[in-house]
Amino acid sequence: MVYRWRSENRWSGISLETEGTPVVPVEGSVEQFITEHYWGYAAQPDRGCVEYRVIHPSWRVWQVRQSAFEGDADNVYGKEIAAVLQGKPHSTFLAEGSAVTVMRGQGL
């Protein structure tokens, strides 16, 4: 699987190869921590914050055998995030995803 995008006339991409069949993440796993977020937060122009609920079913995940990032990460994301993208990942998986419902937010 490959996801590619273009920024400032340069192409970047993430590629991966999955293995096995998708499963619901194990309770307490990194995969569950990443995929099971049901609250979002957004900064506001007045320096406040809005909290909103996100509703979706549990997402199954595939383990990844091989993954790679290619592109000009320094210019697109900055040096700090580029260093992460260019290094060896701590965890790699693919989530199936789904439609989500985003509820009206409330100021904090």
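Restricting attention to region 62-108 and to residues that are in contact with a helix residue (DSSP H, G or I) (Cβ under 7 Å, 6 or more places away or on another chain) and farther than 29 Å from residue 38 by Cβ, the residue that is most open to solvent (accessible area, probe 1.4 Å) turns out to be 86.
Would you be able to say whether some residue in region 66-80 is farther than 21 Å from residue 108 by Cβ, touching a Gly at 6+ places or on another chain (Cβ under 7 Å), not charged (D, E, K, R) and not in a strand (DSSP E or B)? Yes - at least one qualifying residue is present in region 66-80.
Among the residues here, residue 31 does not qualify as of a type in the set (D, E, K, R) and free of Cβ contacts under 8 Å to residues at least 40 places away in the same chain.
Could you tell me whether any residue of region 51-65 is among the aromatic types (Phe, Trp, Tyr) and farther than 30 Å from residue 105 by Cβ? So far as region 51-65 goes, yes, one or more of its residues are among the aromatic types (Phe, Trp, Tyr) and farther than 30 Å from residue 105 by Cβ. Scanning region 11-28 for residues that are open to solvent by less than 70 Å² (accessible area, probe 1.4 Å) and either touching a residue at least 40 places away in the same chain (Cβ under 8 Å) or β-branched (Val, Ile, Thr) (or both) yields 12, 13, 15, 16, 18, 20, 22.
Would you check which residues across region 19-50 are in a loop (DSSP other than H, G, I, E, B), within 30 Å of residue 107 (Cα to Cα) and not aromatic (Phe, Trp, Tyr) and list them? If the condition is that a residue be in a loop (DSSP other than H, G, I, E, B), within 30 Å of residue 107 (Cα to Cα) and not aromatic (Phe, Trp, Tyr), then 28, 36, 37, 44, 45, 46, 47, 48 are the ones that fit. Report, by residue number, each residue of region 58-108 that is within 17 Å of the chain's Cα centre (by Cα) and among the hydroxyl-bearing types (Ser, Thr, Tyr). Result: 58, 67, 77, 91, 92, 98.
Taken over region 81-108, the residue count meeting the criterion of being among the aliphatic types (A, V, I, L, M) and either in a strand (DSSP E or B) or closer than 21 Å to residue 64 by Cβ (or both) is 8.
The values are calculated or read from the model by the stated rules, or taken from the named source; none is laboratory data. Just so we're clear, the structure is a prediction, and the values are computed from it rather than from any experiment. Don't worry about glycine lacking a Cβ; one is built from the backbone with ideal geometry, like all the others, and counts go over all protein chains shown. These area figures cover heavy atoms from the full protein model, side chains too; ligands, DNA and RNA do not enter into them. Shrake-Rupley method; radii C 1.70, N 1.55, O 1.52, S 1.80 Å.
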